[in-house]
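The values are calculated or read from the model by the stated rules, or taken from the named source; none is laboratory data. Just so you know, these numbers come straight off a predicted model, no measurement behind them. Here Cβ is always computed from backbone atoms with ideal geometry, including for glycine, and neighbour counts include all displayed protein chains.
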Amino acid sequence: MLAKLMNSAARRFGYEFKKIGERIDTEDGYQIYRYYDGDGHFDYEKYKATQTKANQKKLANVWVREENIEFLSNYIRETVGEPAFGICHGTRRGKEQEWFIKYLGCEVIGTEISDTAADFPHTIQWDFHEVKPEWVDRTDFIYSNSLDHSYDPDKCLNAWMSCLTPAGICILEHSSGHERAHEVDPFGAHISQMPSLILDWGRGRFSVREIIDAPSMKSSLKYMKYIIIQRV
């Protein structure tokens, strides 16, 4: 029954859960959906196509809330000082960077794997598992509510953290909606698992500074938190 309900909801967004038992691995208590090709190897093109299709289906939806970005802007000022440059990863319509620019008055860009990135200001088409050389050690803050879209959260978070200045912070939005992995959201974990996962992935280079409550969230969520990560 649960599987039928999940598939019914999934089809409304243009995708379907298939062979979940074979494709989801549980590693250290968290879930990873594997994009396998016919030989059982990672299929990057399948990942990219899945993410692009899902983004296009949900293009009218805005997940982020302006009051939360205003709250985070104040937090960034208190923690980092006046930032010069920030990156938002996995931004779809680009509202995150729009509102950070509004409240911080600095340069902020967003990344989006889909070619729809060209339709929104301050947004570039880019796979957030990779970094541009000009970002490394020069980014005052990184914000994302899209780590659940990563096929390899260890690789992804290490890429992001390499971009930060020594005093910079990475802000991960994590909610009860990020607990289960599936074809579109391949990484899933409970908030209670995240500090230890981040510590493991950091390998002594970074760790969680603190976890704070989001001031506003959808009524359908049980919780929404901001995980603040800094270099050690």
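Are any of the residues in segment 118-135 of a type in the set (S, T, N, Q) and over 23 Å from Lys53 (Cα atoms)?
Looking only at segment 118-135, we keep the residues that are of a type in the set (S, T, N, Q), and these are 123, 125.
Those left that are additionally over 23 Å from Lys53 (Cα atoms): none.
No.
Among the residues making up segment 188-232, those that are within 14 Å of His178 (Cα to Cα) and out of contact with any His (no Cβ under 9 Å at 6 or more places or on another chain) are Ser192, Gln193, Met217, Lys218, Ser220, Leu221, Lys222.
Considering only segment 47-78, state which residues are of a type in the set (Asp, Glu) and without any contact (Cβ under 8 Å) to a residue 12 or more places away in the chain. Reasoning before the result, please.
Of all residues in segment 47-78, those of a type in the set (Asp, Glu) come to 66-67, 70, 78.
Scanning segment 47-78 gives a single hit, Glu78.
Lys102 meets the conditions (1) under 22 Å from Ile169 (Cβ atoms); (2) crowded, with 21+ Cβ neighbours inside 10 Å in every case but one. The failed one is (2). Looking only at segment 158-181, count how many residues are touching a helix residue (DSSP H, G or I) at 6+ places or on another chain (Cβ under 7 Å), outside any strand (DSSP E or B) and touching a residue at least 40 places away in the same chain (Cβ under 8 Å). Residues flagged as touching a helix residue (DSSP H, G or I) at 6+ places or on another chain (Cβ under 7 Å), outside any strand (DSSP E or B) and touching a residue at least 40 places away in the same chain (Cβ under 8 Å) within segment 158-181 amount to 2. Of the helices (runs of 4 or more DSSP H) entirely within segment 1-109, those holding at least 3 residues that are farther than 24 Å from Asp152 by Cβ and modelled with pLDDT of 85 or more occupy 66-80, 95-104. How many of the residues making up segment 121-130 are part of a loop (DSSP other than H, G, I, E, B), among the hydrophobic types (A, V, I, L, M, F, W, C) and surrounded by fewer than 18 Cβ atoms within 10 Å (Cβ to Cβ)? Total satisfying the criteria: 0.
Could you tell me which residue of segment 182-213 is farthest from the chain's Cα centre (by Cα), considering only residues that are part of a loop (DSSP other than H, G, I, E, B) and under 18 Å from Lys155 (Cβ atoms)?
Residues of segment 182-213 part of a loop (DSSP other than H, G, I, E, B): 182-186, 189-190, 203-205.
If we keep only those that are under 18 Å from Lys155 (Cβ atoms) too, we end up with 185-186, 189, 203-205.
On the way: Asp185: 10, Pro186: 11, Ala189: 13, Arg203: 20, Gly204: 22, Arg205: 20 Å.
Taking the candidates together, the pick is Gly204.
Cβ separations smaller than 8 Å between residues 6+ apart or across chains give the following pairs from segment 102-126 residues that are under 25 Å from Glu67 (Cβ atoms) to residues that are modelled with pLDDT under 95 and in a helix (DSSP H, G or I): Glu112/Asn55.
For every residue, the table says whether it meets (1) surrounded by 20 or more Cβ atoms within 10 Å (Cβ to Cβ); (2) more than 13 Å from Gln31 (Cα to Cα); (3) among the polar types (S, T, N, Q).
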| position | (1), (2), (3) |
| --- | --- |
| Leu147 | yes, no, no |
| Ser150 | yes, no, yes |
| Met194 | yes, no, no |
| Trp201 | no, yes, no |
| Ser207 | no, yes, yes |
| Ile211 | no, yes, no |
| Pro215 | no, yes, no |
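Considering every residue within segment 208-220, establish whether at least one is acidic (Asp, Glu), touching a helix residue (DSSP H, G or I) at 6+ places or on another chain (Cβ under 7 Å) and at negative phi.
Taking segment 208-220 as the starting set, the residues that turn out to be acidic (Asp, Glu) are 210, 213.
If we keep only those that are touching a helix residue (DSSP H, G or I) at 6+ places or on another chain (Cβ under 7 Å) as well, we get none.
Within segment 208-220, not a single residue is acidic (Asp, Glu), touching a helix residue (DSSP H, G or I) at 6+ places or on another chain (Cβ under 7 Å) and at negative phi.
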